[in-house]
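Step one of this worksheet: look at the structure below.
Since every read-out is calculated from the coordinates, none of them should be taken as a lab result. None of the values given here were measured: they were computed from a predicted structure. We place every Cβ from the backbone using ideal geometry, glycine too, and count neighbours over all the protein chains shown.
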Amino acid sequence: MDFNELIKQTRGRRSLLQALGVAAVGISFGGLAACSKQGGKTLANGEEAKLNFYNWDTYIGENTLDNFKEATGVDVTMDLFDSNDVLFAKFKAGNPGYDVIVPSNDFVERMSKAGMLLPLDHSLIPNKRNIDPAYINVEYDLQRKFSMPYTWLALGIGYRKSKVSATPDSWKVLFDSPEYAGRIAWLSEAGDMFRLFGKYLGKSVNALTPADIATIEKMMIKQKPNVKKFHEDDGQDLLLKGDCDVVLEYNGDIAQAMVEDKDIDFVIPKEGSQLNSDNLCIPKGAPHPKNAHAFINYILDANVDKHITETILYPTPNTAARKLMPDSYQNNPVIFPPAEALAKCEYARFNPELQPLYEEAFTRVRAA
Amino acid sequence: MAEQDWKANRRAFAAVSLPTLFWIVLFFLVPMAIVWLYSFGENRGLTEIEISGTLSNYKRATEWLYLTIFGKSFAVAALVTLICLILGFPVAMAITFASEKWRPWLLLGIMLPFWTNLLIRTYALMMLLGTQGFANKGLGALWEGTSWIKTLVGLQPLPTWEPVQLLFNNFAVVFGLVYVHLPFMVLPLYAALDRLDRSLIEASLDLGAGHFRTIMRIVIPLAAPGIIAGVMITLIPALGAYLTPDLMGGTDSQMIANVIERQFKKANDWPFGAALSFLLIYAMFALIAIQSMRRKVPEAH
């Protein structure tokens, strides 16, 4: 299938559903109520042939769930969430009945620390060998005790080539310069914004102090008049519609926009950036843990992940699947940025002390 | 009057109202009470909230930062209500005095937007107002036309068209909120104006008052209950608006509901979010109390 056609059918997993927060809750209530009632047949592993999957919107292959049912007989019910916060809020009062969830890296850490995740039995996930070793031993989940990587992303600057004087390869363009006044968009996520400002100031994203937050807050207030919008992860739409020309966004989202519009490009600033990764986990209290392991193993299969990647077009940590993809994906410098740029990027660790400080400081920035 | 006093028929009244009452208690009062309790709590670890009776959440919620956001939200909501009233009153008058044949169609026109989800309507507005949106394209075409006509008559052409900034600022938020809330204003106004005794208007006109004076001295005072109802029904949801400022606002367009939302999600500080919510609810209670007190005064005479 043509790469361009594929992309056109795809929308960012975080865009529309995010705004439809209320509806998303409705969807999942309905889904669970429908799936918990019926009895159904029992599998060889002693579990009923069911699995409840809680996933982001537009974040699975077109036929993956049907194919899984064909292969194993397990009926997957998929409900959708629109942000890690919604996911966490939902599990705060206990697992509402899900078997597999897809939290981002910092929430894997947060949920494992809060005792919400089940340790994975790696002997049931042999397809782990398909994963790039760089994604196996990660700080947020050492030796992948609780999670398997599903996709990963890097933050950077998406821009319209005809509207910039030079490649905006420094955070300065977004954070500390009036050059593109009124054409800049930031993310509305407080933690990401403060950490990236930290990167601009030459600090690790995980080494910020309350004093740094105060400094950064002043810098943000100074730059705010030049910023047009704090966007909810729909920066690629702002670029496409011509509302903004330099936006802070994830590489995967910009890669989608680049296919629709050749005038758009993406760069990871030279100061380095922040990485994100979405992970497959089994929450505690999952009704079908064995099916959940089988499902995770199935997703890590090279051909299955290739099909998923064809649909969602995010960077995959699955080396075997990547090798099956067309050259336009495999060697796309936006989807797979050069190693020297990635070397300066870090995962944000979960930090319960700083999170409320970020939020309050950002509320002050918005009110200033 | 033929109306029956409910006290004469307590059992029937109880039978009819019990399901509704049960519904309200179970799905409104109980959850609200839980949130109210949260507002006196503290986060313990990542998932636990301990109701410790602390007032620190309210103390933080009444800090200057949050008071200014409350103040700004109130100002925006009041402005939206005022614009809705100014726009909605003539519309309600027009519907009232329209012919029997037209009235249902006009009312349908007012209610038509409700058939579409608020989010879809907001996105439609964003497409209209964007830099490359229809409004800017239309203005740009007019500008080019004027420039062309000027060159025709031998004048200097106008400078090149620069798109007007219509989206992602406070103007867009007010515009969006007025658009969303206008039907809430028009419908109660129409209900009040429709009940109005037309002979009073005729008498006023016969006795020499002009149209404007008749409206100011006769129609508006008689429609006052409708105006007050319309103002309350517009002001309260506008005060709690969060989708419109989120999507259409700029960097300084946050309203209190956006701050509350972030406490429950990103900040994971439910007790503080609960305290902010309840400050808003207390403010609305105060508004409704003031309104009902005002209504009682004329009845006493």
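Before moving on, here are some points about what is shown:
- Ellipticity estimate at 222 nm from DSSP helix runs (n ≥ 4, -39,500 (n - 2.57)) divided over the protein assembly as shown, nearest 500: -16000 deg cm²/dmol
- Among the residues of A:166-174, the average count of other protein chain beta-carbon atoms within 10 Å of the residue beta-carbon is 0.
- Averaged over the residues of peptide A:230-236, the number of Cβ atoms from other protein chains lying within 10 Å of each residue's Cβ is 2.
- Distribution of pairwise C-alpha distances over the stretch B:49-94, 10 Å bins, in %: 23, 26, 22, 17, 11, 3
- For the protein assembly as shown, the alpha carbon convex hull comes to 237 Å³ per residue, rounded to a whole number.
- Cα gyration tensor, the stretch B:1-141 - rounded (a/c under 1.5), prolate or oblate: oblate
- For chain A, DSSP calls about 55 percent of its internal beta bridges antiparallel.
- What the Cβ-Cβ distance of A:Ala44 and A:Gln330 gives, at R0 = 35 Å and to the nearest 0.05, is a FRET efficiency of 0.40.
- FRET efficiency, B:Gln291 to B:Thr68 (Cβ-Cβ, R0 30 Å, nearest 0.05): 0.75
- Orientation-averaged projection of the stretch A:274-357 equals 8.0 nm² [convex hull of Cα atoms, one quarter of hull surface area].
- Distant-in-sequence amide contacts of A:Ile264, defined by a placed amide H-H separation under 5 Å and a gap of 5 or more residues or a different chain, comprise A:Lys161.
- Equivalent ellipsoid semi-axes - Cα gyration tensor, chain A, angstrom: 35, 23, 19
- The mean number of partner chain beta-carbon atoms within 10 angstrom of a residue's beta-carbon across peptide B:258-267 is 6.
- Mean projected area of the convex hull spanned by the Cα atoms of the stretch B:71-177, taken over all viewing directions: 10.4 nm².
- Mean Kyte hydropathy of -1.0 or more with a Cα span along the axis of at least 18 Å, helices from DSSP in chain A: A:21-37, A:210-223, A:354-367
- Computed from backbone phi, the HN-Hα couplings of the stretch A:139-147 come to 4, 6, 7, 4, 6, 6, 5, 10, 8 Hz, rounded to whole numbers (Karplus: 6.51 cos²θ - 1.76 cosθ + 1.60, θ = phi - 60°; Gly and Pro given as x).
- Top of A:His122, A:His288, A:His231 by mean-square fluctuation, Gaussian network on chain A, Cα under 10 Å: A:His122
- D_trans [Stokes-Einstein, Kirkwood Rh over alpha-carbon pairs] for the stretch A:120-277, 25 °C, 0.890 mPa s, µm² s⁻¹: 145
- Estimated D of the stretch A:50-160 in µm² per second, where Rh is the Kirkwood radius over Cα pairs and Stokes-Einstein applies at 10 °C, 1.306 mPa s: 101
- B:Arg11 versus B:Thr151: modelled label distance in nm, points set 7 Å from Cα along the beta carbon direction: 8.9
- At 1.002 mPa s and 20 °C, Stokes diffusion of the stretch B:185-257 via Kirkwood alpha-carbon radius, µm² per second: 147
- Computed across the stretch B:148-299, the Kirkwood hydrodynamic radius from all distinct Cα-Cα pairs reaches 19.8 Å.
- Pair B:Ala78, B:Thr160: separation of 7 Å Cα→Cβ label points (nm): 4.4
- For the protein assembly as shown, the Cβ-based charge dipole about the Cα centre amounts to some 1440 debye (Lys, Arg positive; Asp, Glu negative; other atoms uncharged).
- Across the stretch B:148-195, Cα-Cα pairs farther apart than 19 Å form 61% of the total.
- Across the stretch B:110-120, rounded Karplus estimates of 3J(HN,Hα) from the backbone phi angles (6.51 cos²θ - 1.76 cosθ + 1.60, θ = phi - 60°) give 5, 8, 3, x, 5, 6, 10, 4, 4, 5, 5 Hz, Gly and Pro being marked x.
- Of the peptides A:324-330, A:359-365, the ranking by mean beta-carbon count within 10 Å, highest at the top, reads A:359-365, A:324-330.
- For the stretch B:215-301, alpha-carbon Rg over 2.2 N^0.38 Å: 1.46
- Backbone N within the stretch A:64-79 under 13 Å of label point (7 Å from A:Asp121 Cα along the Cβ vector): none
- Dimensions (Å) - the stretch A:158-233, Cα atoms, principal axes, largest first: 39, 22, 20
- Centre-to-centre, using Cα atoms only, the stretch B:106-164 and the stretch B:219-249 are separated by 27 Å.
- Solvent-free Debye scattering, log10 I(q)/I(0), computed from the Cα coordinates of the stretch A:106-205 at q = 0.10, 0.15, 0.23, 0.25 Å⁻¹: -0.46, -0.80, -1.23, -1.37
- With the convex hull drawn around the C-alpha atoms of chain B, the volume per residue stands at 253 Å³.
- DSSP beta bridges confined to the protein assembly as shown are antiparallel in about 60 percent of cases.
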